Amino acid sequence: MSATPVRRILAVVPLLALLTLSACTANPTLHARRITTAQPTPSAPLPRPSTSPSATAEPAAGSLEWYLSQVPTFPEAPPPQPMQLPATGAAPFWHRLPTDQKVAFITIDDGGLARPPGLIDFIWEARIPVTMFLNSPAAAEHTDYFRQIEAVGGIVENHTITHNSLAGRSYDYQKQEICGAADKLEGLFGKRPTLFRPPFGEHDSTTLKAAHDCGAKAVFHWTETVHEGKVRYQTPEKVVQPGDILLMHFRPALMDDLLAALKAIHRAGLTPALLTEYVR
Ligand SMILES: [Zn+2]
């Protein structure tokens, strides 16, 4: 019984609950699955197979039901307190978001290598807030896939065109990489990215100026990486801290990475949230 979705908590924010009802009337079991964090309600929910909340058998390992059964129950995310952004002509660079709020952030990078088909349903049914830092050619080649993730609440942000390291390169080169990708992503998704992650995290002061000039409000590194279901901490605490940013990639084991990230965030007493709720 412990694996059935009914143990999950209902959305407790009244507005969110209302939105939930309007978005999910086709499948009442979905109500019990969402992570109660502030994120946009999908405008075009996808039809999905019915699940059986009364089933007592454990779902098969690797099935969507199995992944859903492993998702912890999170505390409600606090109302986001957006960051004060400097007016310096350069974007701030953050390893973690400077907040004490009990949230952490899941980010998924690149987009060209692998795009697990089950990911969209997993994100939708578990209501996982994800920020995607995409290379624009991958976004252009697989636009439908990323649009579907966007439709279930994911956010598309900027990770350059070529994924070359920017550190030490000229302003013009860096601006072309950042603005070029921003222009393309804006054309594909109808919204200009406002967040930027440099490839490999490598950057210099020119990067922060170019990112600012291309419309980025903040530039992000990360505090944990997740690969093949294992969380690797970049900080001595070995526990996810408020404001931490977990990095994973569009790779074959992304569903396992996502699950590992959720469990690590839950162990720390935090709730996953969207970066764009905090950097506006
Ligand atoms: Zn990358």
Is there a residue in segment 130-145 that is over 13 Å from the mean Cα position of the chain (by Cα), away from the ligand (no atom under 14 Å from the Cβ), surrounded by 18 or more Cβ atoms within 10 Å (Cβ to Cβ) and modelled with pLDDT of 95 or more?
yes
Could you tell me which residue of segment 245-274 is surrounded by the fewest Cβ atoms within 10 Å (Cβ to Cβ), considering only residues that are in contact with a strand residue (DSSP E or B) (Cβ under 6 Å, 6 or more places away or on another chain) and under 19 Å from F200 (Cβ atoms)?
H249
Take segment 228-262 and flag every residue that is over 15 Å from the mean Cα position of the chain (by Cα) and not in a loop (DSSP other than H, G, I, E, B).
K230, V231, R232, Y233
Looking for whichever is under 22 Å from G112 (Cβ atoms) and more than 16 Å from the ligand (Cβ to nearest atom) here; the options are L188, L247. Which one fits?
L188
Extreme residue, surrounded by the most Cβ atoms within 10 Å (Cβ to Cβ), among residues of segment 196-216 that are of a type in the set (A, V, I, L, M, F, W, C) and within 14 Å of the ligand (Cβ to nearest atom):
F196
Determine whether A210 is of a type outside the set (D, E) and in a helix (DSSP H, G or I).
yes
Residue among R251, R280, R192 that is among the charged types (D, E, K, R) and touching an Asp or Glu at 6+ places or on another chain (Cβ under 7 Å)
R192
The conditions are (1) part of a strand (DSSP E or B); (2) away from the ligand (no atom under 16 Å from the Cβ), and T225 fails exactly one of them. Which is it?
(2)
Looking only at segment 182-219, how many residues end up being without any contact (Cβ under 8 Å) to a residue 12 or more places away in the chain and at positive phi?
1
Going through segment 70-101 one residue at a time, which ones are over 20 Å from the mean Cα position of the chain (by Cα) and either at positive phi or surrounded by 14 or more Cβ atoms within 10 Å (Cβ to Cβ) (or both)?
G89, A90, A91
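The values are calculated or read from the model by the stated rules, or taken from the named source; none is laboratory data. Nothing here was measured: the structure is a model prediction, and the numbers come from that model. Because the Cβ atoms are built from the backbone with ideal geometry, glycine has one as well, and the counts that use them run over all protein chains shown.
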